[in-house]
Amino acid sequence: MKKVLSVGQCNPDHFALRNYFESKFDCELTRIDSTEEALSELRKNSYDLVLVNRKLDIDYTDGTILVEEMQKDSNLRQTPIMLISNYSEYQKEAIVLGAVPGIGKLEYGKESAFQKVSKYLPPKILQIG
């Protein structure tokens, strides 16, 4: 099972994100509130994907700060990080800083989100019968 770190989501968004990811992909989400906590966790444990909110719920700092900090660290820059935002201009900014193409909250359940995420996480195989 793959490990996903979710950073800076408010409660409703975290539960929606967790429901989407854990129902569609063979993964487990771990929730972290701040950039500092995320960096500490990433240095202690290995993750297959990081999801960061555009504005962290706890203090409204920019999620791109985590993108930048991960790119500065040779051990962390190998871990793909996606921005969670509906706004294309912020997605483009995050990609320039080193993120992989992310998804917006309005994309959950759409083929575009599934295609982006399935590059990093294996889809769940439906059991019939």
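Each value in this text was obtained by applying a stated rule to the coordinates, not by laboratory testing. Note that the structure is predicted; figures quoted are calculated from it, not measured. So basically every Cβ, Gly included, is an ideal-geometry build from the backbone, and we count neighbours across all protein chains shown.
Overview of values
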quantity: In segment 71-119, the residues that are of a type outside the set (Ser, Thr, Tyr), more than 14 Å from the chain's Cα centre (by Cα) and under 18 Å from Asp13 (Cβ atoms); calculated: Leu106, Gly109, Lys110
quantity: Failed criterion for Thr79 (all others in (1) in a helix (DSSP H, G or I); (2) in contact (Cβ under 8 Å) with a residue 12 or more places away in the chain; (3) among the polar types (S, T, N, Q); (4) more than 22 Å from Gly109 (Cα to Cα) hold); calculated: (1)
quantity: Residue under evaluation Ile95, criteria (1) of a type in the set (A, V, I, L, M, F, W, C); (2) surrounded by 18 or more Cβ atoms within 10 Å (Cβ to Cβ); (3) without any contact (Cβ under 8 Å) to a residue 40 or more places away in the chain, criterion not met; calculated: (2)
quantity: Residue within segment 112-123 that is of a type in the set (Val, Ile, Thr), in a helix (DSSP H, G or I) and more than 21 Å from Ser23 (Cα to Cα) present; calculated: no
quantity: Of all residues in segment 44-65 being in contact (Cβ under 8 Å) with a residue 40 or more places away in the chain and among the acidic types (Asp, Glu), the one that is farthest from Val100 (Cα to Cα); calculated: Asp57
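Let's see how each residue does on (1) part of a loop (DSSP other than H, G, I, E, B); (2) surrounded by 22 or more Cβ atoms within 10 Å (Cβ to Cβ); (3) aromatic (Phe, Trp, Tyr); (4) on the phi > 0 side of the Ramachandran plot:
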site: Glu36; (1), (2), (3), (4): no, no, no, no
site: Leu42; (1), (2), (3), (4): no, yes, no, no
site: Ser46; (1), (2), (3), (4): yes, no, no, no
site: Val50; (1), (2), (3), (4): no, yes, no, no
site: Ile65; (1), (2), (3), (4): no, no, no, no
site: Glu69; (1), (2), (3), (4): no, no, no, no
